[in-house]
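Accompanying notes for the structure given below.
Coordinate-derived values only; no laboratory data. Just so it is clear, the structure is predicted and the values come from calculations on it, not from any experiment. Positions of Cβ are generated from backbone atoms using ideal geometry, with glycine treated the same way; all protein chains shown enter the neighbour counts.
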Amino acid sequence: MNIPTSALSMPDAKEKCGLFGIFGDPAAVDKCFLGMHALQHRGQESAGMAVTDGEMIQGYTGMGLVGEVFDKDRLQKLTQCGQTAIGHVRYSTSGASHAGNAQPLLVEYSRGQVAVAHNGNLVNASLLRREYEEHGHIFQGTSDTEVIIHLLAKPTHVDKPDPLKHVLNHLQGSYCLLFLFPDRIEAVRDPYGIRPLCIGQLENGAYVVASETCALDIVDATLVREVEPGEIVTINADGISSRFFDGPNSVKPAHCIFEHVYFSDPSSMIFGENVHQVRAELGRQLAREAPADADVVIPVPNCARCAAGGFSEESGIPYDRGFTVSHYAGRSFIEPSQPMRDLAVKMKLNVIREVVKDKRLAVIEDSIVRGTTTKGKMGALRRAGAKEIHLRIASPPIRFPCYYGIDFPSHDELIANDKSVDEIRDYLEVDSLAYISLEGMLSCVKKENDNYCTACWSGNYRIPVDHQVSKFSLERYQMKMFD
Ligand code: SF4
């Protein structure tokens, strides 16, 4: 039973970006490629790498998957460029999806070359850009990251005792950053620690830095520690050293709990905990809060698998696969625009009729954003003969947009913004619908509740945001450039 392509083509929450860096390894380029590949789930629009031999930085970026952008020849050429590299996979949470916004951004300014890769979203990017443009600065792309370059190059900033520290104090929002200078990598995490960033070490002593530990695993690096909120970690020929640009523990962390719910790889350690284990606990908590009278528990692929396992374990209802996913068709739901998504609907998500026919199903989903994809999937289950569908969601109703690097739609597009749970149930045409509570979700992670951002559920934005600013606030510039 194929799911209609129209249902698959509308994305739910989309991902952000992934960062990988490696200093002083003869196979730096190949390892950077592998690290980026392991982070591919964090962004599929573009990929890029910047490499240095200690004197010159060279880079290459392109649209598409890591394996499409970097073929064997390209990797060989980059390998000749040096033993230190940073890489980036992108999903645009600010700025459009085009090659001009692919990262790392590589520029030359008065102090030499620098390449920058960013995961997150600056909430004051429009303001800063306007200020710079009023002083005659010219921008090439439309991503918020380019503002950082202008801050770095500003004449009154370059002469500061620690220019980078000075620059970072101007930024507001969520950011993990990798700066590649010819002699070093600087790895940065915003004071709230919204996005994850960790440091690892290879057997040969070389240091690596990555958005998730799954990228350390793929190159056989051992996790050393996370980059702390508000910290700059320098990796150079002397090893690693640390300084804080905002003072250690200057603000309470606001880790994005959605990294655990949906975004990160289940094998990764995020904010000190394994993602799979947190998701399994979400499933167990969901079963305690919202039990279902069902014959079988099935997950909506892929992210709800861990939660479905936990739900099954807690409820005693057997777990089975209700859907199959083609591994060869890509993840169409993270394509950046509707036309792109429509082109990418070749991905097949099929229902296993023999598992669902005449059964009462407890269907576990990680989240509902617009509701359109979920509705398509529930319809497919029904057409395959499901007797009852009891939908259980391993995160609370999403009522507010995210301004910190996750591409949730505007208020109006969020189904829970103006619909009650009963109304959503009716829209989805399921027999029952229940979400985990906010308190229940927070009980599944180890740190105190106030260490996590919950804004998309609670509306409590820890970093003040301008609700008029959208992902495409900078796109008026793009119209000039690409029309
Ligand atoms: S608003 Fe939601 S998705 Fe965005 S950082 Fe906060 S918890 Fe994460």
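Quick one: which residue in A434, A416 is away from the ligand (no atom under 11 Å from the Cβ) and closer than 25 Å to K387 by Cβ?
Working: A416 fails: closer than 25 Å to K387 by Cβ.
Residue meeting the stated conditions: A434.
In the range 233-257, the residues that are without any contact (Cβ under 8 Å) to a residue 24 or more places away in the chain and farther than 20 Å from R195 by Cα form Cβ pairs under 6 Å with partners that are more than 16 Å from the ligand (Cβ to nearest atom) and in a strand (DSSP E or B), at six or more places apart or across chains, as follows: S241/T234. Looking only at the range 432-454, residues that are surrounded by fewer than 16 Cβ atoms within 10 Å (Cβ to Cβ) and outside any loop (DSSP other than H, G, I, E, B) come to 3 in all. Listed by position, the strands (runs of 3 or more DSSP E) contained in the range 215-319 that have at least 3 residues being surrounded by fewer than 16 Cβ atoms within 10 Å (Cβ to Cβ) and among the small types (G, A, S) are 239-244. When the range 393-421 is limited to residues that are in contact with a Lys or Arg (Cβ under 7 Å, 6 or more places away or on another chain) and among the β-branched types (V, I, T), the one that is nearest to G193 (Cα to Cα) turns out to be I406.
Are any residues in the range 381-427 of a type in the set (S, T, N, Q) and over 15 Å from Y262 (Cα atoms), and if so, which ones? Walk me through it before giving the result.
Residues of the range 381-427 that are of a type in the set (S, T, N, Q), as a first pass: 395, 410, 417, 420.
Selection gives S410, N417, S420.
Among the residues of the range 29-44, those that are under 22 Å from the mean Cα position of the chain (by Cα) and crowded, with 24+ Cβ neighbours inside 10 Å comprise C32, F33, G35, M36, A38, L39, R42, G43, Q44.
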